[in-house]
Amino acid sequence: MPAKEELRLPSWLRPKIGNASEISEVQKIIKQRGIHTICEEGRCPNRAECYSQKTATFLLMGPTCTRACGFCQVDKGHQPMPLDPEEANKVAEAVELLDLDYVVLTSVARDDLADQGASCFVEAMQSIRRSRPNAKIEVLTPDFRGDRHCIETVVAAEPVCYNHNIETVRRLQGKVRRGAKYERSLSVLQIVKELDPRIVTKSGLMVGHGETVEELTEAMQDLYAVGCSSLTIGQYLRPSLEHLPVQKYWTPEEFDQLGAIARQIGFTHVRSGALVRSSYHASQTS
């Protein structure tokens, strides 16, 4: 699709600029502790805005993923890093220094680990709560290959919100999410609700891969049917020439339309916009 690849970035996709000193402060805290954020590893377009508000989404278990999704900037194709036994304490220290009351924990997929990293989420939550017992913690987990025990492990630690992104419509799963499955992702969210109905479940969709409004509506209905009540919808931005090309830049008006559809279906918390990402204003969508 050469013509599509040459499309100029629309004006509404220009990220907001945050205060340089505040951005530097967050980056310093993160780098000094040798921990990672999805903000940096995924080159999130909102990282300047979020850093200026002294918030970040912590990326557990290193910066290398065992999956090879066609949309994601996170490093892959290399041997994952050994687990850092002090990672949970380092994350908790960063949370304390940033004075966070709402924390988002995510991770790369670690299919190489026996529990796929479920225990790392729990350890991080426990460490954060020792220093900030009233902090609310949201988790954004991989699919754990649908392993109920892994999901149970994380749910038992009682996050306030359990997020797992379905990313795209059913038809495009194989192309966009290599190694993941549409029904498996739905089952993750369903299992969470079965285990603890009090936990808010959340998911995210990105547009720009060639999906239709009808297909997106079907995906929303499928998510709502398994108890998902919080939804984010954002524009896919191609990280490099090695990633999938953007098929379409959706307009602000179209994002408003998608948000209206989600609310009509029954979602209680919806963020729909070009630069919206899974953890964008997370405390307001859970």
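For the stretch 137-187, a residue qualifies if it is among the hydroxyl-bearing types (Ser, Thr, Tyr), surrounded by fewer than 21 Cβ atoms within 10 Å (Cβ to Cβ) and more than 11 Å from residue 121 (Cα to Cα), and the qualifying residues are 182, 187. Against the definition (within 19 Å of the chain's Cα centre (by Cα), crowded, with 23+ Cβ neighbours inside 10 Å and over 30 Å from residue 156 (Cα atoms)), how does residue 207 come out, yes or no? Yes, satisfied.
Is it the case that the stretch 193-212 has a residue that's more than 28 Å from residue 11 (Cβ to Cβ) and hydroxyl-bearing (Ser, Thr, Tyr)? Among the residues of the stretch 193-212, at least one is more than 28 Å from residue 11 (Cβ to Cβ) and hydroxyl-bearing (Ser, Thr, Tyr), which makes the answer yes. For the stretch 144-169, a residue qualifies if it is modelled with pLDDT under 95 and among the acidic types (Asp, Glu), and exactly one does: 167.
Taken as a whole, the structure places residue 221 among residues that are under 29 Å from residue 238 (Cβ atoms) and either surrounded by fewer than 19 Cβ atoms within 10 Å (Cβ to Cβ) or touching a residue at least 60 places away in the same chain (Cβ under 8 Å) (or both). Beta carbons closer than 7 Å, at least 6 apart along the sequence or on distinct chains, pair a first residue in the stretch 125-146 that is on the phi > 0 side of the Ramachandran plot with a second that is among the hydroxyl-bearing types (Ser, Thr, Tyr) for 146/187. Selection of the stretch 118-139 for residues being touching a helix residue (DSSP H, G or I) at 6+ places or on another chain (Cβ under 8 Å) and either among the aliphatic types (A, V, I, L, M) or not in a helix (DSSP H, G or I) (or both) yields 118, 122, 124, 128, 132, 135, 136, 137, 138, 139.
The values are calculated or read from the model by the stated rules, or taken from the named source; none is laboratory data. Not measured: the values here are computed from a predicted model. FYI the Cβ positions are ideal-geometry reconstructions off the backbone, even for glycines, and counts take in every protein chain you see.
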